[in-house]
Each structure stands twice: as C-alpha cells, then as structure tokens.
Amino acid sequence: MGDRERDGYVLTDDASRVDIDRVHRWLSEESYWATGRSHDLVNRSIEGSLPYSIRHGDEQVGFARVVTDGATFAWICDVFVDKEHRGHGLGVWLVDSIVEDMTARGILRLLLATRDAHEVYRRSGFTPLAGPGRFMEIDNRPTRNAILGLA
C-alpha cells in the first residue's frame, strides 16, 4: 500500500510501525470486544494479520488489522481510533483504505463485526449479512456477552 497522508495524519501498513503497547492498552482496557486480552495475545494477533496504523507525528492514534488468506476472504477487525482523535473521519479513512487495498488484491469478500458502529461501516460499503443463517460459530471468548450487548 505504502503510506497515505491526510491532514497531518499518516496511514501505513508497515507492521514495524505498530505501537503494540498502545494497541494492547486500547484493546484490553478501552474496547468492549477485547477487554482483558493479554499483551501476548495482542502481539500474536498482529503477527498473524496485516496491521494498519494511523500515526500523528510519532504517536499512533488509530489501528486495525486484517485477517486474510490473501486471495478470497478478509476479516477486518480490532478497528480503533484514540478518543482524542475521533471525529476527524479517521476510522472511515482507515476502513476505506483497507477495503481499497483488499479489493486491489482481488479479494471480493470482506467481513467485519460491530455492536454499535453500523452507520460508520455503511459509509464504507458494508451491509448486513445477506445470509446470516449460513454462518455458524464457536465463540468461547470471555467477552462474548459484552460483544453481543447482553451484559
């Protein structure tokens, strides 16, 4: 992808520029879907994914990762923008850039999950599952009820 710049922010897919400590803090302390996730687990999840970071100067202010086979399917997850940088369209820019990159690779099926940001992702072209009855899961995450809005 290479770096993209906008309004003093830089979006990069350079894995070496991920501030893992900051991403771990966001996910384990500030997200509803990854509360309590260990540092090791965050690190391994990033190592097994294509990470995207938004930087403002030397500071990481946004993050997302893509789990993909590189050919047919991509799952966009762990999308997070630091509270102090929200409201500038960074999340949409991040997701739009990922969609563009995956589409350029020929990946035609992208998936993400959200409890409360449906309108944000609609702006990037996402719609509810056309066939939700076809999907099955095993979900043993300790945060499952929070993710589903049940707790």
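Search the stretch 1-48 for residues being over 23 Å from Trp93 (Cβ atoms) and acidic (Asp, Glu), and hand back the single one that is farthest from the chain's Cα centre (by Cα).
Asp40
Go through the residues of the stretch 33-51 one by one and say whether even a single one is of a type in the set (S, T, N, Q), in contact (Cβ under 8 Å) with a residue 60 or more places away in the chain and more than 26 Å from Tyr9 (Cβ to Cβ).
yes
Taking the stretch 43-88 as the search range and keeping residues that are hydrophobic (A, V, I, L, M, F, W, C) and outside any strand (DSSP E or B), which one is surrounded by the fewest Cβ atoms within 10 Å (Cβ to Cβ)?
Ala71
Given the options Leu129, Leu150, name the one that is in a loop (DSSP other than H, G, I, E, B) and in contact with a Phe, Trp or Tyr (Cβ under 8 Å, 6 or more places away or on another chain).
It is Leu129.
Return a yes/no flag: does the stretch 96-105 have any residue that is surrounded by fewer than 10 Cβ atoms within 10 Å (Cβ to Cβ) and among the acidic types (Asp, Glu).
No; the residues of the stretch 96-105 include none that is surrounded by fewer than 10 Cβ atoms within 10 Å (Cβ to Cβ) and among the acidic types (Asp, Glu).
I'd like to check something: does the stretch 69-82 contain any residue that is under 25 Å from Asp116 (Cα atoms) and free of Cβ contacts under 8 Å to residues at least 24 places away in the same chain?
no
Of everything in the stretch 92-126, what is in a loop (DSSP other than H, G, I, E, B), touching a strand residue (DSSP E or B) at 6+ places or on another chain (Cβ under 6 Å) and within 21 Å of Val61 (Cβ to Cβ)? Give them in sequence order.
Leu112
Between residues in the stretch 14-30 that are without any contact (Cβ under 8 Å) to a residue 24 or more places away in the chain and residues that are in a helix (DSSP H, G or I), which pairs lie under 8 Å by C-beta distance while being six or more apart or on different chains?
Asp21/His39; His24/His39; His24/Val42; His24/Asn43; Ser28/His39; Ser28/Val42
If you take the residues of the stretch 115-151 that are open to solvent by less than 40 Å² (accessible area, probe 1.4 Å) and within 16 Å of the chain's Cα centre (by Cα), which of them is modelled with the lowest pLDDT?
Ile147
Yes/no per residue for (1) in contact with a Phe, Trp or Tyr (Cβ under 7 Å, 6 or more places away or on another chain); (2) modelled with pLDDT of 95 or more; (3) in a loop (DSSP other than H, G, I, E, B); (4) open to solvent by 50 Å² or more (accessible area, probe 1.4 Å):
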position	(1), (2), (3), (4)
Met1	no, no, yes, yes
Val10	no, yes, no, no
Arg22	no, yes, no, no
Arg25	no, yes, no, yes
Ser28	no, yes, no, no
Tyr32	no, no, yes, no
Leu41	no, yes, no, yes
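The values are calculated or read from the model by the stated rules, or taken from the named source; none is laboratory data. Given the structure is predicted, the values throughout are model-derived calculations rather than measurements. FYI the Cβ positions are ideal-geometry reconstructions off the backbone, even for glycines, and counts take in every protein chain you see. Heads up: the accessible areas ignore ligands, DNA and RNA and are worked out on the full protein's heavy atoms, side chains in. Shrake-Rupley method; radii C 1.70, N 1.55, O 1.52, S 1.80 Å.
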